[in-house]
Amino acid sequence: MPVHKPRVAVWKFASCDGCQLTMLDCEDALLAIADKVEIANFREASSAVVEGPYDLSLVEGSVTTPEDVRRVKEVRAESRVLVTIGACATAGGIQALRNFADVDEYRRLVYAQPQYIETLATSTPIADHVPVDFELRGCPISKAQLLEVISAYLTNRAPNVPNESVCIECKRRGNVCVLVAHGTPCLGPVTQAGCGAICPAFHRGCYGCFGPQGSPNVPSMLKELGELGMAPLPMYRVFRTFNAMAPAFRSAADSAVSEEDAP
C-alpha cells in the first residue's frame, strides 16, 4: 500500500511574491523536503494543482478584496494547519498604509479606469479573517525559519522560532551597536529577530522588517529616538512601513504624533 505523503499548498494573496521566492531560494534544502511531501498547490513554481484537503498551507499576502475574503475562508476550510508567511500576511504589509488614507483617492490616482477596480478600504492580515496556527514574520521571511516551520509541522512538533529582538542577533554577530556607538536611529530593540541583523552589520539602523518582538518597550524606544534628535514626524514614519498595522508599531506611530498632525 502506498504511503501517504503530507500534502503542502502555498497560496498567494495581495503581496509582491517575495516570500514565495524565498521558499524557492531554499534550493537544495527545499528539494530534501519536497521528496517527503506532495506539493499540491504552488503557482509560483508549478501550474499543477491537486485538490485538498491539505496537511499544511503556507499563505503569503494580505486580504484586500472581497474575493480575498471568500478565498481565504476556503483555504482555511481545506487546511489542517495554516501558517501565514511574511509581513503582508501577518500584519497587512506595506499596502496597509491605505488603512490610514482615502483608498478611493489612491485608486483614482493609480488606475486609468478606477470604476472597474473592486477593492476593500483596508489591507488586513489573514488572522483578521480566519484562525491561523502560526505566523512567520519578515519582509521577506528568513529561509532558515521557513524550513524550521515546515519541518516542525510535518513532524508534529512546535516550531522553534525565537521571539527575541534583533539586538540579540547583533550580539551574536559581534556587531557594534549603531544606536549606542554612533547615535544611529535603530528599531532593533523592539523588532523580532530573524534577519540576522543585516542592516546593523552594515552600519545602518534596523528598519523593523520582522515586526515587533514579543514584548517591545515602545515608549522607551520613542524616548530614545527623541533623544537622538528625531522629530515626531520622522518617528511616526519609521513605524509606518512594512508592519504598520502590527499593534505595537501602530501604537508607536500613534504616540509619536497627534491624529491632526499625521500625514
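Fewest-first ordering of His4, His129 by other beta carbons within 10 Å of each residue's beta carbon gives His4, His129. Relative to the longest principal axis of the Cα atoms of the chain, helix 66-77 runs at roughly 60 degrees. As a proxy for reagent exposure, ranking Asp28, Asp128 by other Cβ atoms within 10 Å from fewest up yields Asp28, Asp128. On the beta carbon distance between Asn160 and His203, with R0 = 35 Å, the FRET formula returns roughly 0.70. Extension gain for Glu118 to Asp35 (0.36 nm times residue separation, less C-alpha to C-alpha distance): 25.9 nm. Determine the shape class of the chain: with a ≥ b ≥ c the square roots of the Cα gyration tensor eigenvalues, call it rounded for a/c under 1.5, and otherwise prolate if a/b is greater than b/c, oblate otherwise. Oblate shape, in that a/c is at least 1.5 and b/c is the bigger or equal ratio. In this rough spin-label picture, where each label sits 7 Å from Cα along the Cβ direction, the Asp133-Asp28 distance is 2.9 nm. Approximating the spin labels as points 7 Å out from Cα along Cα→Cβ, the Lys171-to-Lys143 distance works out to 2.7 nm. With q set to 0.12, 0.15 Å⁻¹, the log10 of I(q)/I(0) for the stretch 156-224, from the Debye formula over equal scatterers at the Cα positions, is -0.29, -0.44.
Exposure proxy shown here: for Leu146, Leu82, Leu179, Leu109, the number of other Cβ atoms within 10 Å sets the order, fewest to most, as Leu109, Leu179, Leu82, Leu146. Computed from Cα atoms alone, the Kirkwood hydrodynamic radius reported for the stretch 7-154 is 15.8 Å. Quick one: helix 143-154 against the long Cα principal axis of the chain, what's the angle to the nearest 10°, folded into 0 to 90? Tilt of helix 143-154: around 40 degrees.
Restricting attention to the chain, lysine pairs at least eight places apart or on different chains and with alpha-carbon atoms under 24 angstrom apart total 8. Between 0 and 90 degrees, the angle of helix 247-256 with respect to the longest Cα principal axis of the chain falls at about 20 degrees.
Read the figures in this text as sums done on the coordinates, not as results from a lab. All figures in this text were calculated on a predicted structure; none of them were measured in a lab. Positions of Cβ are generated from backbone atoms using ideal geometry, with glycine treated the same way; all protein chains shown enter the neighbour counts.
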